[in-house]
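> Just dropping this structure here.
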Amino acid sequence: MGEEAITHLKILIVDDEESIRRLLSQFLIEMGNECDTAINGQMGFIKVVESHYDFILMDIRMPNMNGIECIKAIRQVDPDIPILIITAFSSEEEVKTGLENGANGIIRKPFDFKELIRLMTEILKDCRLRE
């Protein structure tokens with residue numbers, strides 16, 4: 001399963017950095033995906049409740065509701081949606097807490113797009129195996 005697996009997905013990008021949201025959206029849309037964005041965990045959670053997503057890219061440190069709180073809330077309404085943490089400044093403890101609360105993986109900013117696709121593909125494959 002290669003890059004072709006990351007196409008025709010509805011992806012939610014939750015990050016308080018507008019440049020990251022724009023960069024990820026452009027890249028993933030060019031690959032044939034539909035992208036939606038949220039500026040914090042609170043808005044991300046509302047979007048998950050209101051719509052279906054195939055994958056979520058989640059920052060940890062954000063205002064209002066951080067990524068860990070958002071992951072916990074999402075897991076209450078959708079225990080199976082793949083979530084990849086994207087972070088630059090999070091401590092190892094924050095990352096560990098995010099993974100313990102339902103994130104499927106982590107990638108550190110700045111990231112390489114090939115590594116992002118590899119991780120997303122791996123997470124999707126693992127999630128499909130559990131179905």
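The values are calculated or read from the model by the stated rules, or taken from the named source; none is laboratory data. These numbers come from a predicted model, not from an experiment. In this analysis, Cβ positions are derived from the backbone assuming ideal geometry, glycine residues included, and neighbour counts consider all displayed protein chains.
> Pairs, please: C-beta under 9 Å, at least 6 apart or cross-chain, first residue at negative phi and acidic (D, E) and in region 77-94, second in a loop (DSSP other than H, G, I, E, B) and surrounded by 20 or more Cβ atoms within 10 Å (Cβ to Cβ)?
D78/Y53; E94/I60; E94/N66
> Separate question: Determine which single condition Q76 fails, assuming it passes every other condition in (1) at pLDDT 95 or above; (2) farther than 21 Å from H8 by Cα; (3) crowded, with 18+ Cβ neighbours inside 10 Å.
Answer for Q76: the failing condition is (3).
> May I pose another question? I'd like to verify a number: residues in region 1-28 that are touching a helix residue (DSSP H, G or I) at 6+ places or on another chain (Cβ under 7 Å) and part of a strand (DSSP E or B), how many?
Total meeting the criteria: 4.
> While we're on this one: Looking at (1) crowded, with 20+ Cβ neighbours inside 10 Å; (2) at pLDDT 95 or above, which one does Q26 not meet, given that it meets all the others?
Failed condition: (1).
> Sticking with this one: Give region 89-130 a look and list any residue that's under 20 Å from M65 (Cα atoms) and over 14 Å from the mean Cα position of the chain (by Cα), or say none.
Matches in region 89-130: F89, S90, S91, E92, E93, E94, K96, T97, E100.
> Right, another one. Considering only region 46-100, state which residues are touching a Cys at 6+ places or on another chain (Cβ under 7 Å) and either of a type outside the set (D, E) or within 15 Å of D36 (Cβ to Cβ) (or both).
First, pick out the residues of region 46-100 that are touching a Cys at 6+ places or on another chain (Cβ under 7 Å): 58, 80, 82.
Once the filter is applied, which keeps residues that are touching a Cys at 6+ places or on another chain (Cβ under 7 Å) and either of a type outside the set (D, E) or within 15 Å of D36 (Cβ to Cβ) (or both), region 46-100 yields M58, P82.
> Which ones in region 32-72 are modelled with pLDDT under 95 and touching a Leu at 6+ places or on another chain (Cβ under 8 Å)?
Residues satisfying the conditions do not exist here.
> Would you say M120 is at pLDDT below 95 and hydrophobic (A, V, I, L, M, F, W, C)? Walk me through how you get there before you give the answer.
Values: at pLDDT below 95: no; hydrophobic (A, V, I, L, M, F, W, C): yes.
It is false that M120 is at pLDDT below 95 and hydrophobic (A, V, I, L, M, F, W, C).
> Pick from region 90-123 the residues that are in contact with a Lys or Arg (Cβ under 7 Å, 6 or more places away or on another chain) and among the small types (G, A, S): which of them is surrounded by the most Cβ atoms within 10 Å (Cβ to Cβ)? Don't jump to the end; show me each part of the working.
Applying the first criterion (in contact with a Lys or Arg (Cβ under 7 Å, 6 or more places away or on another chain)) to region 90-123 yields 90, 101-102.
Then keep just the ones that are among the small types (G, A, S); that gives 90, 102.
Numbers: S90: 22, G102: 18.
Only one residue fits best here, namely S90.
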